[in-house]
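**Student:** Below are the structure tokens for one structure; questions will follow.
The values are calculated or read from the model by the stated rules, or taken from the named source; none is laboratory data. Everything numeric in this text was worked out from a predicted model, so none of it was measured. Counting neighbours? That spans all protein chains shown, and the Cβs are built from the backbone with ideal geometry, glycine included. Ligands, DNA and RNA are stripped out before the accessible areas are found, and what is left, the full protein with its side chains, is counted by its heavy atoms. Shrake-Rupley method; radii C 1.70, N 1.55, O 1.52, S 1.80 Å.
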There are 2 protein chains.
Amino acid sequence: MAVVVQKYGGSSVGTIDKIKKVANTVVKRREAGDDVVVVVSAMGDTTDDLIELAGQISKNPDKRELDALLSTGEMMSSALLAMAIKELGYGAVSYTAYQIGIKTSGQYGKSLIDDIDGDNIKRSLSEGKIVIVAGFQGINQEGDITTLGRGGSDTTAVAIAVKLAGVCEIYTDVDGIYGVDPRKYNAAKKLNEIDYEEMLELSSLGAQVMHSRSVELGQKYNIPIYVGLSNSDIKGTIIKGVSNMNMESKPVTGLATSDEDVAITIRDINNDINMISSLFESVASKRINIDMISQTAPIDNRVNLSFTIPKADLNECLEIVREHYSCKEAIAIDEDITKFSIVGIGMKTTSGVTARMFKLFRENNIEVKMITTSEIRITCTIKQEDKLRAINAIAGEFNL
Amino acid sequence: MAVVVQKYGGSSVGTIDKIKKVANTVVKRREAGDDVVVVVSAMGDTTDDLIELAGQISKNPDKRELDALLSTGEMMSSALLAMAIKELGYGAVSYTAYQIGIKTSGQYGKSLIDDIDGDNIKRSLSEGKIVIVAGFQGINQEGDITTLGRGGSDTTAVAIAVKLAGVCEIYTDVDGIYGVDPRKYNAAKKLNEIDYEEMLELSSLGAQVMHSRSVELGQKYNIPIYVGLSNSDIKGTIIKGVSNMNMESKPVTGLATSDEDVAITIRDINNDINMISSLFESVASKRINIDMISQTAPIDNRVNLSFTIPKADLNECLEIVREHYSCKEAIAIDEDITKFSIVGIGMKTTSGVTARMFKLFRENNIEVKMITTSEIRITCTIKQEDKLRAINAIAGEFNL
């Protein structure tokens, strides 16, 4: 019997009726002969409600306690789903992170799964039970409850699939992964499959379908991840290692945009690599994530340095910048940016993609501010007002 | 420094504002120099709300999963209280049953605490932290989450006080323990102190102030338990071993009534001890709790046998009775009973209490149906319509 690890998101278990529906679906899968492990998110808006409660106590709630608080949402939904399955006459058992040893490291609120002690899951499966696991949570070395960050239940599911050498199915409220966000581009096309690397670039770039860490795990252990609707004939998307044949068929797989960043430019500074790397180290030490960096060619050894950071970190980052560069007048902030990225494994073997993209931008009168590239990605910042025109032009050109 | 274990009930932590108030109270106690461990119940009606959710899934929800579900309520309130204390600038840490090894045995929903691994609590106290513990929950030998039954957080608190050799304070929404329920008798007097044994008789008899098991633990390890309002000058009640002097001062300490039982009478059966004990064994095997038993004197070796059981178990119990005694017409059910009990260590040394009680019943035209007694208790069943008259007469006579 194959082991199937299914994950159901918060909207799939948002009400008792929906939990009963999931129970029915899961039982059918068990009847078909598979061993089934189900990972659940918290019901509907539970996590937001808990965050709001914590917010009434503190603007900056203690992170250990916030994780302990938030973990209860998934414990509730997992116990309720196990009840619902037992009510249908099937064996079921719910497990918390403690009970199956989901060991994590890293910070509260965005911990990483290091390992899972799969023994309890395996024993329960061997007893014919359907196993329900509270997603999103783990236990760190100190024995504290941790959470994995928004969407972390995806990662719980993939990690269990890795541990049990099973297949992984992520059920959500969208019917798969699209080359472009369908809310921003009507003609968006669903992908039958997408490479791990492409998915990683897209999810870290604002295509919020999957928890990035889950895709990394899938890639590392070569576990295909199905993403789609449950209980539906509509075929979803498989995230997996894509063959060369497929790579060559389409140079660009998807595009993603994000309005969450701000660009800081420091003008006319010495091209002093020690000074600049000291700045970036200070920013990194505050766990502020610098994304795009660009620097003008030096003139008389003077340069302009630009970089983007999350909007939420702007004030903290500016303080650090001012500790390094006292001349306040030389610092410019640009909040009117959209990060616009196209991604495709095919770019490795197809030349001219950048040229096609910039030709379209020029034709559509879209100004490009900063540019960074990787082997399978081109990212630039543009004005927010140009975003939809850019999406239409690029998605049309590359048939996304 | 003394270790103080405080328990706050659901109404004391019913809102975020109330949790903040508890945080202030706890911090003041810490400031006064004590090591403080706080045990919390779930916020307000959380437990009832969770039971209601489970009820939408099943009329008889799986007990393992129900315990897992219900345990989340106390995890939430403990994390929130720890946050609130940290917000005041004090060290605090919340712990679940897993994290401090609250080991239980027995059935789901009414488990017994066997032991607590106090190391994490002691370490955190030695680091100057205030320790918050999720009440009501434990972990059984299988690693499942269990709950201790309604009011079980009292028992969590006493068990921790036992483990840490500390004092125990139960804060609730009543200002202490009364000889009679003040809602049923206006002139009810609050007790300054009450003996463990008396409290046990009263709480198992329907005076729902304290979780019985908590009083048993206090008695076994001789830990005095303070019960009262928090943040108040009104003095509460101490549950402890009472000295002889006090015992003799008052023959009756309290009275309690319960309408939760039903009497079953089997008429005109053989006085066959094997048959009768076989019946009681069958009933006990279904975990139905038989309370009062009375049997008429045999005439021609025929007797009438009466006993009381919880109303909820009536149908199941009747089935068992009919398996043993096929003659249906000989079984009578009396649902119109109030169990009326008076309790007092002083009864051991004061004679004539029973006589005074029955004289008052006779004068007030109150019919007594069944009677049982112990060394410190007299219980009889009366008609429900006579309950308030009985309370008034007895509470007046014995100055309760």
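**Student:** What do you reckon, is A:Ile238 open to solvent by 60 Å² or more (accessible area, probe 1.4 Å), β-branched (Val, Ile, Thr) and in a loop (DSSP other than H, G, I, E, B)?
**Tutor:** It is false that A:Ile238 is open to solvent by 60 Å² or more (accessible area, probe 1.4 Å), β-branched (Val, Ile, Thr) and in a loop (DSSP other than H, G, I, E, B).
**Student:** Right, another one. Please go through the range A:1-18 and pick out each residue that is within 14 Å of another protein chain (Cβ to nearest Cβ) and open to solvent by 40 Å² or more (accessible area, probe 1.4 Å).
**Tutor:** If the condition is that a residue be within 14 Å of another protein chain (Cβ to nearest Cβ) and open to solvent by 40 Å² or more (accessible area, probe 1.4 Å), then A:Thr15, A:Asp17, A:Lys18 are the ones that fit.
**Student:** Can you find a residue in the range A:19-33 that is surrounded by 24 or more Cβ atoms within 10 Å (Cβ to Cβ) and part of a loop (DSSP other than H, G, I, E, B)?
**Tutor:** no
**Student:** Another one. Output the number of residues of the range A:388-400 satisfying the condition of being surrounded by fewer than 19 Cβ atoms within 10 Å (Cβ to Cβ) and in a helix (DSSP H, G or I).
**Tutor:** So the answer is 6.
**Student:** Another question, then. Being within 30 Å of A:Cys380 (Cα to Cα), at pLDDT below 90, touching a strand residue (DSSP E or B) at 6+ places or on another chain (Cβ under 7 Å) and part of a loop (DSSP other than H, G, I, E, B), is that true of even one residue in the range A:223-231?
**Tutor:** No, the range A:223-231 contains no residue that is within 30 Å of A:Cys380 (Cα to Cα), at pLDDT below 90, touching a strand residue (DSSP E or B) at 6+ places or on another chain (Cβ under 7 Å) and part of a loop (DSSP other than H, G, I, E, B).
**Student:** Sticking with this one: So, of the residues in the range B:181-231 that are under 23 Å from B:Ile113 (Cβ atoms) and small (Gly, Ala, Ser), which turns out to be farthest from the chain's Cα centre (by Cα)?
**Tutor:** B:Gly218
**Student:** In the range A:34-71, which residues are surrounded by fewer than 16 Cβ atoms within 10 Å (Cβ to Cβ) and β-branched (Val, Ile, Thr)?
**Tutor:** A:Ile51 - this is the single residue of the range A:34-71 that is surrounded by fewer than 16 Cβ atoms within 10 Å (Cβ to Cβ) and β-branched (Val, Ile, Thr).
**Student:** Okay, next question. Name the single residue, out of those in the range A:84-102 being out of contact with any Leu (no Cβ under 8 Å at 6 or more places or on another chain) and at the interface with another protein chain (Cβ under 7 Å from one of its Cβ atoms), that is nearest to B:Met83 (Cα to Cα).
**Tutor:** A:Tyr98
**Student:** Taking the range A:130-151 as the search range and keeping residues that are assigned to a loop (DSSP other than H, G, I, E, B) and more than 20 Å from A:Met43 (Cα to Cα), which one is most open to solvent (accessible area, probe 1.4 Å)?
**Tutor:** Among those that are assigned to a loop (DSSP other than H, G, I, E, B) and more than 20 Å from A:Met43 (Cα to Cα), it is A:Gln141.
**Student:** Restricting attention to the range A:201-219, does a residue exist that is hydrophobic (A, V, I, L, M, F, W, C), modelled with pLDDT of 90 or more and farther than 24 Å from A:Thr308 by Cα?
**Tutor:** yes
**Student:** Right, here's the next one. Residue under question is A:Met75, and the condition is that it be within 13 Å of chain B (Cβ to nearest Cβ), under 22 Å from A:Ser11 (Cα atoms) and within 24 Å of the chain's Cα centre (by Cα); does it hold?
**Tutor:** yes
**Student:** I've got another one for you. Kindly list the number of the only condition in (1) over 25 Å from the mean Cα position of the chain (by Cα); (2) open to solvent by 80 Å² or more (accessible area, probe 1.4 Å) that fails for A:Asn364.
**Tutor:** All conditions are met except number (2).
**Student:** Kindly evaluate A:Val27 against the criterion of being β-branched (Val, Ile, Thr), away from chain B (no Cβ under 13 Å) and in contact (Cβ under 8 Å) with a residue 60 or more places away in the chain.
**Tutor:** Criteria met by A:Val27.
**Student:** On the given criteria, is A:Tyr108 more than 24 Å from the chain's Cα centre (by Cα) and of a type in the set (Ser, Thr, Tyr)?
**Tutor:** no
**Student:** Does A:Val252 count as buried (at least 22 other Cβ atoms within 10 Å of the Cβ), of a type in the set (Val, Ile, Thr), more than 16 Å from the chain's Cα centre (by Cα) and not assigned by TED's automatic domain parsing to the domain that holds A:Ala330? Can you show your working first?
**Tutor:** Values: buried (at least 22 other Cβ atoms within 10 Å of the Cβ): yes; of a type in the set (Val, Ile, Thr): yes; more than 16 Å from the chain's Cα centre (by Cα): yes; not assigned by TED's automatic domain parsing to the domain that holds A:Ala330: yes.
So A:Val252 fits the description; yes.
**Student:** Considering the range A:59-72 alone, what residues qualify as being under 24 Å from A:Ile139 (Cβ atoms) and free of Cβ contacts under 8 Å to residues at least 40 places away in the same chain?
**Tutor:** Result: A:Asn60, A:Pro61, A:Asp62, A:Glu65, A:Leu69, A:Thr72.
To keep it simple, each residue is scored yes or no on (1) outside any strand (DSSP E or B); (2) facing chain B (nearest Cβ under 7 Å).
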position: A:Glu65; (1), (2): yes, yes
position: A:Ala68; (1), (2): yes, yes
position: A:Ser71; (1), (2): yes, no
position: A:Ala82; (1), (2): yes, yes
position: A:Thr104; (1), (2): no, no
position: A:Gly109; (1), (2): yes, no
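**Student:** So which residues in the range A:292-340 are at positive phi and among the charged types (D, E, K, R)?
**Tutor:** Matches in the range A:292-340: A:Asp300 only.
**Student:** For residues that are charged (D, E, K, R) and under 23 Å from A:Leu50 (Cβ atoms), scanning just the range B:78-128, find the one that is surrounded by the fewest Cβ atoms within 10 Å (Cβ to Cβ).
**Tutor:** Taking the candidates together, the pick is B:Glu87.
**Student:** Moving on to the next point. One residue is enough: does the range A:126-134 have a residue meeting the conditions within 11 Å of another protein chain (Cβ to nearest Cβ), of a type in the set (Ser, Thr, Tyr) and either within 25 Å of the chain's Cα centre (by Cα) or more than 14 Å from A:Ile19 (Cβ to Cβ) (or both)?
**Tutor:** The answer is no; no qualifying residue exists.
**Student:** Further question on the same structure: Any idea which of (1) part of a helix (DSSP H, G or I); (2) open to solvent by 20 Å² or more (accessible area, probe 1.4 Å); (3) free of Cβ contacts under 8 Å to residues at least 40 places away in the same chain is the one A:Ala297 doesn't satisfy?
**Tutor:** (1)
**Student:** Residues in the range A:204-241 that are free of Cβ contacts under 8 Å to residues at least 24 places away in the same chain and closer than 18 Å to A:Gly344 by Cα: how many?
**Tutor:** 4
**Student:** Could you give every pair whose Cβ atoms fall below 8 Å, whose first residue belongs to the range B:342-360 and is among the aromatic types (Phe, Trp, Tyr), and whose second residue is outside any helix (DSSP H, G or I), counting only separations of at least 6 or pairs across chains?
**Tutor:** B:Phe358/B:Val368
**Student:** Then there is this: Tell me whether the range B:199-217 contains one or more residues that are open to solvent by less than 10 Å² (accessible area, probe 1.4 Å), within 20 Å of B:Thr372 (Cβ to Cβ) and touching a helix residue (DSSP H, G or I) at 6+ places or on another chain (Cβ under 6 Å).
**Tutor:** yes
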